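Worksheet: one structure, shown below.
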Amino acid sequence: MDNLVSVTDARNNFSALINEVIKERKRFVLLRKSQPQAVIIPYEGLVETDEDWQNEFKKLISETRPSFKRWLGKQGIKTKDLTEEKLYELLDKVTGRD
């Protein structure tokens, strides 16, 4: 569970707050005008979250690659001719952002 703390309290007790984050692996949500603004988490939690995201992204890419290649073929686009710019144009078209 996240602990809520005002930005002012965090500033006034920053050293103690960081000690709790490090030693007790607590997470703090910083509030400004009662609205969440930022989060302080242990560094290891950030690394784990980033690694999890990267692994999930790689998995999704590998699962969707065959379908995407088939779709490109139906559009008459050869993968060797697909530039980054063309890919973004396709994404904009497919998502209706063009």
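Computed from the coordinates by the stated procedures, all read-outs in this text should not be read as laboratory data. Computed from a predicted model, the values in this text were never measured in an experiment. Here Cβ is always computed from backbone atoms with ideal geometry, including for glycine, and neighbour counts include all displayed protein chains.
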Based on DSSP, what percent of beta bridges with both residues in the chain are antiparallel, to the nearest 5? 55
In nm, spacing of pseudo-spin labels at residue 56 and residue 75 (7 Å Cα→C-beta vector): 2.5
Between 0 and 90°, nearest 10: helix 43-74 axis offset from the chain longest Cα axis: 10
Rg and Dmax [Cα atoms of the range 56-95; Å; Rg one decimal, Dmax integer]: 10.6, 30
More than 22 angstrom separation, counting every C-alpha pair in the chain; what % is that? 56
Can you tell which of 15, 87, 40 lies farthest toward the positive end of the dipole of the chain, using +1 and -1 charges on the Cβ of basic and acidic side chains (Lys, Arg; Asp, Glu)? 87
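What size of dipole, in debye to the nearest 20, comes out for the chain about its Cα centre when the only charges are +1 on Lys and Arg C-beta atoms and -1 on Asp and Glu C-beta atoms?
Roughly 360 debye, rounded to the nearest 20.
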Order 67-78, 6-17 from most to least packed using the mean count of other Cβ atoms within 10 Å. 6-17, 67-78
To test your reading of the geometry: what angle, between 0 and 90 degrees and rounded to tens, separates the Cα axis of helix 84-95 from the longest principal axis of the chain? 80
